[in-house]
Ligand code: URA
């Protein structure tokens, strides 16, 4: 077998078999396949696709390219993954709710890049919080308090790191089998029995159309099921940011507000549905009963208590969770006001994510540092009526010079018109 024949086969739209997929993954990890050959195969996959069996085999070989976690001693365990968005802090609300309902959360998360944020950056904005934890400490923590969220270990799915770096520079990111295998290989290697997926659709998401989002959700659920994991997906709106706070410590404040019974309606609703799906799969329960359990965990303060226990166990200062006013405030703030009267017909998530990045809340490159206090608080959401001069949002930054460009970018996110918009529902579909 050689890689040229494998590339030729995919170029001719033929399905690859298990031995060929294993040869490819092994070859990129050992270095026996050159980057230009791997890139050629990625482009052929991008153009000609993969069937469900090939995608499941690719995912399995990738998942076993490095360390895998055996969480069976912690049963029932659940994990969740969002395909990424702006203001998406759901993991930090859903995980404590599920843990408070007796579902063990042993979760590895990532950092933000481009216009989207990452759970690990948000957690690191809590002073003292450690996201690099030894495997034994990670297991012990889940055993004792039922929840741990840590940074992805270095040797988890090395094949994905190699492939993602190549895809990023060869215009091959946007392929459903490649995205599905990339995400699901990391979820399979991380070991949870239940995998709840939140596939975002809209301007701020990877998937811009409902059709693409549905196809990605189906591909990922299929991979999870074929690998013996209970897997489900919600397809949810990312045309406008989720909730009202965007930026790392600002999002932690919104997490705390939500776990205290407040928070924006869209954020709270989505978190309850994601948590209910996880609980229902993990405990073999009807969704309605699981939703009631999730609501009770939120209202009683038990979920907030779980967050506090996790922060304390990972070295974070719990005083910040008890009194969010302690979080350092950015040195500079500026309101953004409506330039005309009317209904907010669009608050474009991608533009808002880019505004937050300009303020210092995000990274353009992996190595960039971020300003935890930077970001945006939205005072109005899509569908609200504004009069000219009303404040729509406040911008926060420690780099005064970024304010003018950020305010201009924010204005580009807005469409104001005479009629209320036809908003798509927050939850647009479900794949079980
Ligand atoms: N997130 C991933 O982890 N991989 C992709 O390919 C796309 C989004």
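Relative to the longest principal Cα axis of the chain, at what angle does helix 403-412 sit, 0 to 90 degrees, rounded to 10?
Between the helix axis and the principal axis of the chain, the angle is about 80 degrees.
Going by the alpha-carbon gyration tensor, a ≥ b ≥ c the square roots of its eigenvalues, is region 156-211 rounded (a/c under 1.5) or, if a/c is not under 1.5, prolate (a/b greater than b/c) versus oblate? Provide the component values of the computation, followed by the final result.
Details: a/c = 2.69, a/b = 1.10, b/c = 2.45.
It comes out oblate by the Cα gyration axes.
What FRET efficiency would be calculated for the residue pair residue 299, residue 30, taking the C-beta separation as r and a Förster radius of 51 Å, to the nearest 0.05?
Working: r = 53 Å, r/R0 = 1.05.
The computed FRET efficiency comes out at 0.45.
On a 0 to 90 degree scale, rounded to 10, what angle separates helix 265-283 from the longest Cα axis of the chain?
40 degrees
Taking the 0 to 90 degree range and rounding to the nearest ten, how far is the long axis of helix 248-259 tilted relative to the main principal axis of the chain, both from C-alpha atoms?
80 degrees
Based on a Kirkwood Rh over C-alpha pairs, give the Stokes-Einstein translational diffusion coefficient of region 339-432 at 25 °C and viscosity 0.890 mPa s in µm²/s. All intermediate terms of the calculation are to be shown ahead of the outcome.
Working: Rh = 14.6 Å.
The calculation lands on 168 µm²/s.
To make sure I understand, if each residue's beta carbon is the centre and we count other beta carbons within 10 Å, what order do 245, 64, 265 fall in, fewest to most? Present the calculation step by step, with values, prior to reporting the outcome.
Working: 245 25, 64 16, 265 10.
Least crowded to most crowded, the residues run 265, 64, 245.
I'd like to know how the chain sits against the 2.2 N^0.38 Å rule of thumb: what's its Cα Rg over that expected value? Each step should come with its number before you reach the end.
Values: Rg = 21.6 Å, N = 432, 2.2 N^0.38 = 22.1 Å.
Here the Cα radius of gyration is 0.98 times the empirical estimate.
For region 3-49, state what percent of all Cα-Cα pairs lands in each successive 5 Å bin, counting from 0 Å until the bin that includes the largest distance.
5, 24, 36, 25, 9, 1
If neighbour count is taken as other Cβ atoms inside 10 Å, put 24, 372, 138 in order from fewest to most. Before the final figure, lay out the partial values.
Working: 24 27, 372 24, 138 20.
The fewest-first ordering by Cβ neighbours comes to 138, 372, 24.
For region 116-137 and region 355-389, what is the separation of their C-alpha centers, rounded to whole Å?
21 Å
Taking 7 Å along the Cα-to-C-beta vector as the label spot, tell me the residue 318-residue 208 distance in nanometres, rounded to one decimal.
A separation of 4.8 nm, rounded to one decimal place.
Under 13 Å from the 7 Å Cα→Cβ point of residue 424, by amide nitrogen: which residues of region 220-247?
235-241
To the nearest 0.05, how large is the calculated FRET efficiency for residue 11 and residue 398 if R₀ is 56 Å and r is the Cβ-Cβ distance? Display every interim value, and only then the final one.
On the way: r = 51 Å, r/R0 = 0.90.
It comes to 0.65.
Quick check: pseudo-label points 7 Å beyond the Cα along Cα→Cβ at residue 289 and residue 168, how many nm apart are they?
Taking the simple label geometry, residue 289 and residue 168 are separated by 4.6 nm.
Would you mind checking region 87-113 for residues with the amide N under 16 Å from a putative spin-label position 7 Å along Cα→C-beta of residue 412?
Correct set: none at all.
If neighbour count is taken as other Cβ atoms inside 10 Å, put 343, 36, 385 in order from fewest to most.
Numbers: 343 17, 36 9, 385 13.
The most exposed by this proxy come first: 36, 385, 343.
Using just the helices of the chain, give the 222 nm mean residue ellipticity in deg cm²/dmol: DSSP H runs with n ≥ 4 each add -39,500 (n - 2.57), and the total is spread over all residues, rounded to 500.
Values: 17 runs with 199 residues, N = 432.
My calculation for the chain gives -14000 deg cm²/dmol from helical runs alone.
No value in this document is a laboratory result; all are computed from the given coordinates. Being a predicted model, the structure only gives us computed values, none of them experimental. Positions of Cβ are backbone-derived with ideal geometry, glycine not excepted, and every protein chain shown enters the neighbour counts.
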